[in-house]
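Since the structure comes first, as structure tokens, the remarks are kept for the end.
The values are calculated or read from the model by the stated rules, or taken from the named source; none is laboratory data. This is a predicted model, so every value here is computed, not measured. Cβ sites come from the backbone with ideal geometry, for glycine too, and all protein chains shown count toward neighbours. Remember, those area values only see protein heavy atoms, side chains included, never the ligands or the DNA or RNA. Shrake-Rupley method; radii C 1.70, N 1.55, O 1.52, S 1.80 Å.
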Amino acid sequence: ALTRLGQLDESLELLHHVYEREVSMHGENDTRTLKTKDQIAVVHYEKKEFTKAFEIWEEVEAGWRHVLGDAHPDTIRVRNRIADCKAKLFELRARDGRRQGRHWPKLNALGIVLTLVSVLVCHFLMER
């Protein structure tokens, strides 16, 4: 709720507190712990801290894969978020490169392609 209200720092502080309790009570690879960790990444993404969100989502993806398997919707969903985050990072790098007189159109296009492929795979696997 705090995230939706734009209170991102407060949301992040509360989520970190909840995450620490869940780790101590249930362990790192419990589904409740992984969901909270996913929400922490969402807040970082909303704060435009794409590198931090990307790193956390990679950890969440490894946890989902371990607990639920490769084809589970939660595993696929976080992979989609990782691809979106990669696209944002490529876009920022391309924008920074243009500011410095460099052009990275292939990286920007690659980010877009990765996002599209991820979305298509997600929809395909969820329809199975």
Margin query: Can you confirm whether Asn29 is closer than 25 Å to Ser118 by Cβ, out of contact with any Lys or Arg (no Cβ under 9 Å at 6 or more places or on another chain) and not in a helix (DSSP H, G or I)?
Written below: yes
Next item on the list: Identify, from the list Leu2, Leu8, Leu34, the residue that is more than 17 Å from the chain's Cα centre (by Cα) and either open to solvent by less than 20 Å² (accessible area, probe 1.4 Å) or at pLDDT below 95 (or both).
Entry: Leu2
Next item on the list: Please go through the range 39-80 and pick out each residue that is open to solvent by 70 Å² or more (accessible area, probe 1.4 Å) and charged (D, E, K, R).
Entry: Glu46, Lys48, Lys52, Glu55, Glu58, Glu59, Arg65, Asp70, Arg77, Arg79
